[in-house]
Amino acid sequence: MEQIILILKKLDKISYNISRIGAVISGVLIALIALMIFCYIINRQFIGYTWLFVEEWAGLSMVPMTYLALAYTLRWNQHIYVDALVGRFSLKTQNIIGFLVSLLSLIILGFIIERSVNWFMYTWIDHIASLGPMRTPLWPITISIVVGSVMYFIDTFFFMVQKVLNLIGRTDVLNFHE
């Protein structure tokens with residue numbers, strides 16, 4: 001059992017570091033888009049030029065900002081959830097509910113990953129671009145959905161494993177902050 005725990009810890013640490021990278025990329029995108037919008041406003045106010053790409057790229061950047069941060073958000077228990085009912089149950093029942101919810105989430109995420117891979121392949125092979133004035137290629141956006149969904153799937157799996165470990169009394173194994 002201890003060898004399995006050591007392997008889980010190593011895999012979980014790798015997964016945690018990958019989800020941190022996704023969160024950092026998401027944060028950098030937020031900062032860059034905020035800077036771009038700020039420069040656009042200053043430019044439009046004082047110089048009078050209109051940059052066509054700002055609205056399009058700001059809108060498109062919302063997708064990777066969201067998907068690349070999902071796994072990290074799960075790690076820090078910051079997703080929106082309703083605790084009014086579940087919080088009233090015993091810790092064991094909460095862990096069972098957490099296990100069942102994460103199992104259902106894995107099934108749904110499997111479907112999302114399959115559909116996002118198909119969408120990425122479509123945008124890549126057919127050279128699909130946005131309908132905005134810049135005609136931005138959509139494959140970087142769709143690949144961020146695939147990558148973010150896979151990261152989220154892996155971290156949801158580790159979340160489910162943590163719930164199982166909590167049920168058997170091993171609460172110190174994985175890197176989730178509850």
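The values are calculated or read from the model by the stated rules, or taken from the named source; none is laboratory data. Because the structure is predicted, anything quoted here is derived from the model rather than measured. Positions of Cβ are generated from backbone atoms using ideal geometry, with glycine treated the same way; all protein chains shown enter the neighbour counts.
Given the conditions (1) without any contact (Cβ under 8 Å) to a residue 60 or more places away in the chain; (2) within 28 Å of residue 72 (Cβ to Cβ), and given that residue 55 satisfies all but one, which numbered condition is not satisfied?
(1)
Kindly indicate the residue of the stretch 163-178 that is within 17 Å of residue 102 (Cα to Cα) and of a type in the set (D, E, K, R) and also modelled with the lowest pLDDT among those meeting that condition.
This residue is 178.
Taking the stretch 74-92, which residues are in contact (Cβ under 8 Å) with a residue 40 or more places away in the chain and either buried (at least 17 other Cβ atoms within 10 Å of the Cβ) or in a loop (DSSP other than H, G, I, E, B) (or both)?
74, 75, 76, 77
Any residue in the stretch 110-133 that is crowded, with 16+ Cβ neighbours inside 10 Å, of a type in the set (Phe, Trp, Tyr) and within 25 Å of residue 51 (Cα to Cα)?
No, the stretch 110-133 contains no residue that is crowded, with 16+ Cβ neighbours inside 10 Å, of a type in the set (Phe, Trp, Tyr) and within 25 Å of residue 51 (Cα to Cα).
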